[in-house]
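Okay, so here's the structure we're looking at.
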Amino acid sequence: MLEQTWRWFGPADRITLEQVRQTGATGIVTALHQIPTGDVWTPKLIAERKDLIEKAGLTWSVVESVPVHEDIKKRIGMYKQYIENYKQTIVNLGNAGMKTICYNFMPVTDWSRTNLKMKFADGAQSLQFEYIAFVVVDVYILNRPNARESYPADILSSADSYFNKLNEEQLNELKDTFLLGFPGSGETFTIEEVNERINGYKDINKEKFQEHLIAFLKEIIPAAESVGVKMAIHPDDPPWSLMGLPRIVGTIEDAEKIINAVDSPSNGITFCTGSLGSAYFNNLNEMVEKLAHRINFAHLRNVTRDENLNFHEDYLFNGDIDMYSIMKTLILENEKRRKNDSEYIPIPLRPDHGAQILGDFNETNYPGYSLYGRMKNLAEIRGLEIGIRNSILK
Ligand code: DNO
């Protein structure tokens, strides 16, 4: 079986490890969120977290994430020191027995949405990205210099009418969603800070940014190999440029460039079906086949998307992603590794986000990280895997 894991945000998470155990997950995905980005994760802090998880009868399977300092992404300031620190953190994690580390290389922001409370017909609630709403954020809320010039006329006029229909409350909601909607980073910014950070990328185009990532990989992958750690870069979410920023982990070409830059099982990807799948131009069945040998971690969730770059997160078997084929490819890849790889570990997967359902409405949770919604996804993933295994494997 693949390894069923659950993202847990540490002792501050309102969902306890005891509850996680009852979801049936065996592995925990977590990070030392308290350590400032760029600092070394010490063996002591790593051991303490590991202990805590093991005392609850679970295993710390995946580190998500060791964040990459903005100086490394831009190759300015103290980037050399930060890369050394990053390598040291990998080595410390590897020495503690950790096998998989997830990270991303998105500029300025992690994942972005424009609505955290999209209602389904059955009353459940999910996360949504409306392209035009994001243009409104860029042009009217951020007021980013040159933003207007960066969009075609028809998009701008749709954004203008979208904006004109918003009342004050709706506008504030959009702004808050965007600012908190650096959800992944756990940081909150002001509009000024965001603009300042974006401005830091004015001389970095896609090619240059790719060079920065590859230079980083050339440094860190040997460190990961030395302690048997598999790195798993997370795709951009959504996988296209936002706010004029370069994004380089969104398509099959991007992923192949990354895995070929340093050809090693330690240089892999997180196959996040929701992030990659939110773009209509990505064919996930083809991507999973081509990338299978370098998939070191899987995030499974479905999305409904359209050709105008709108999408929302959906139930596991609703939406545009063919979960059956993806799971089948993952199972076959995992079997191949089990038979051939002397250092075999099962590919870890997690349900990623879930809708808010049932008792989730009585709690506040970090967007996407509900208890019941994720548990339902995990249960469905488990059933899917068992069904496929029993029908294709002896
Ligand atoms: C969103 C997550 C991402 C992911 C990072 C990995 O829910 O999947 O925030 O953790 O991009 O570095």
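Would you be able to say whether some residue in the range 301-313 is modelled with pLDDT of 95 or more, of a type in the set (A, V, I, L, M), part of a strand (DSSP E or B) and open to solvent by less than 70 Å² (accessible area, probe 1.4 Å)? Spell out how you get there, then give the answer.
As a first pass, look at the range 301-313 and keep what is modelled with pLDDT of 95 or more: 301-313.
Still in the list and also of a type in the set (A, V, I, L, M): 303, 309.
Filter once more, keeping what is part of a strand (DSSP E or B): 303.
Subset that is open to solvent by less than 70 Å² (accessible area, probe 1.4 Å): 303.
So far as the range 301-313 goes, yes, one or more of its residues are modelled with pLDDT of 95 or more, of a type in the set (A, V, I, L, M), part of a strand (DSSP E or B) and open to solvent by less than 70 Å² (accessible area, probe 1.4 Å).
Would you check if there is a residue in the range 64-75 being in contact (Cβ under 8 Å) with a residue 60 or more places away in the chain and over 21 Å from the mean Cα position of the chain (by Cα)? Scanning the range 64-75 turns up at least one residue that is in contact (Cβ under 8 Å) with a residue 60 or more places away in the chain and over 21 Å from the mean Cα position of the chain (by Cα).
Screening Thr30 against (1) within 27 Å of Met106 (Cα to Cα); (2) touching a Ser or Thr at 6+ places or on another chain (Cβ under 7 Å); (3) open to solvent by less than 10 Å² (accessible area, probe 1.4 Å) leaves a single unmet condition, (2).
So, Leu358, is that one away from the ligand (no atom under 16 Å from the Cβ), touching a strand residue (DSSP E or B) at 6+ places or on another chain (Cβ under 9 Å) and assigned by TED's automatic domain parsing to the domain that holds Ser266 or not? Working first, answer last.
On the way: away from the ligand (no atom under 16 Å from the Cβ): yes; touching a strand residue (DSSP E or B) at 6+ places or on another chain (Cβ under 9 Å): no; assigned by TED's automatic domain parsing to the domain that holds Ser266: yes.
Judged against the criteria, Leu358 is not a match.
The conditions of being under 30 Å from Lys87 (Cα atoms), assigned to a loop (DSSP other than H, G, I, E, B) and either open to solvent by 30 Å² or more (accessible area, probe 1.4 Å) or in contact (Cβ under 8 Å) with a residue 40 or more places away in the chain (or both) are not met by Ser275. On the stretch given as the range 138-155, residues that are buried (at least 17 other Cβ atoms within 10 Å of the Cβ) and assigned to a helix (DSSP H, G or I) total 4.
Tell me, please, whether a residue that is closer than 18 Å to Arg350 by Cα, assigned by TED's automatic domain parsing to the domain that holds Arg7 and in contact with a Phe, Trp or Tyr (Cβ under 8 Å, 6 or more places away or on another chain) can be found in the range 279-286.
Keep residues of the range 279-286 that are closer than 18 Å to Arg350 by Cα, which gives 284.
Pick out the ones that are also assigned by TED's automatic domain parsing to the domain that holds Arg7 and you get 284.
Now drop any that are not in contact with a Phe, Trp or Tyr (Cβ under 8 Å, 6 or more places away or on another chain), which leaves none.
No, every residue in the range 279-286 fails to be closer than 18 Å to Arg350 by Cα, assigned by TED's automatic domain parsing to the domain that holds Arg7 and in contact with a Phe, Trp or Tyr (Cβ under 8 Å, 6 or more places away or on another chain).
Would you please name the residue that is most open to solvent (accessible area, probe 1.4 Å), looking only at residues in the range 282-300 that are in a loop (DSSP other than H, G, I, E, B) and over 21 Å from Gln356 (Cα atoms)? The residue in question is Asn283. Per the conditions (1) within 16 Å of the ligand (Cβ to nearest atom); (2) at pLDDT below 95, the sole criterion not satisfied by Val194 is (1). Screening Gln170, Gln128 for residues that are more than 25 Å from the chain's Cα centre (by Cα) and under 24 Å from Asp314 (Cβ atoms) leaves exactly one candidate, Gln170. Taking Thr23 as the residue in question, decide whether it is in contact with a helix residue (DSSP H, G or I) (Cβ under 6 Å, 6 or more places away or on another chain) and open to solvent by less than 30 Å² (accessible area, probe 1.4 Å). Against the criterion (in contact with a helix residue (DSSP H, G or I) (Cβ under 6 Å, 6 or more places away or on another chain) and open to solvent by less than 30 Å² (accessible area, probe 1.4 Å)), Thr23 qualifies. Mind listing whichever residues of the range 1-46 are within 17 Å of Gln88 (Cα to Cα) and either among the hydroxyl-bearing types (Ser, Thr, Tyr) or free of Cβ contacts under 8 Å to residues at least 24 places away in the same chain (or both)? Matches in the range 1-46: Leu32, Ile35, Pro36, Thr37, Thr42, Lys44, Leu45. Of the residues making up the range 75-133, those that are within 16 Å of the ligand (Cβ to nearest atom) and assigned to a loop (DSSP other than H, G, I, E, B) are Met98, Phe105, Met106, Pro107, Val108, Thr109, Asp110, Trp111, Ser112, Arg113, Thr114.
Of the residues making up the range 275-304, those that are closer than 16 Å to Ser325 by Cβ and out of contact with any Leu (no Cβ under 8 Å at 6 or more places or on another chain) are Asn283, Asn285, Glu286, Glu289, Lys290, Leu291, Val303.
Contact map, the range 373-394: first residue open to solvent by 50 Å² or more (accessible area, probe 1.4 Å), second residue among the polar types (S, T, N, Q) and assigned to a loop (DSSP other than H, G, I, E, B), Cβ cut-off under 6 Å, separation 6 or more or different chains; pairs are Met375/Thr23. Taking the residues in the range 323-366 that are part of a loop (DSSP other than H, G, I, E, B) and β-branched (Val, Ile, Thr) as candidates, determine which candidate is surrounded by the most Cβ atoms within 10 Å (Cβ to Cβ). So, considering only residues that are part of a loop (DSSP other than H, G, I, E, B) and β-branched (Val, Ile, Thr), the one surrounded by the most Cβ atoms within 10 Å (Cβ to Cβ) is Ile347. One residue is enough: does the range 238-245 have a residue meeting the conditions open to solvent by less than 10 Å² (accessible area, probe 1.4 Å), more than 24 Å from Pro346 (Cβ to Cβ) and more than 16 Å from the ligand (Cβ to nearest atom)? Yes: the range 238-245 contains one or more residues that are open to solvent by less than 10 Å² (accessible area, probe 1.4 Å), more than 24 Å from Pro346 (Cβ to Cβ) and more than 16 Å from the ligand (Cβ to nearest atom).
The values are calculated or read from the model by the stated rules, or taken from the named source; none is laboratory data. These numbers were taken from a predicted model, which means no experiment stands behind them. A quick note on method: Cβ atoms are made from the backbone with ideal geometry, for glycine too, and the neighbour counts reach across all protein chains shown. In case anyone asks, the SASA skips ligands and DNA or RNA and just uses the protein heavy atoms, side chains included. Shrake-Rupley method; radii C 1.70, N 1.55, O 1.52, S 1.80 Å.
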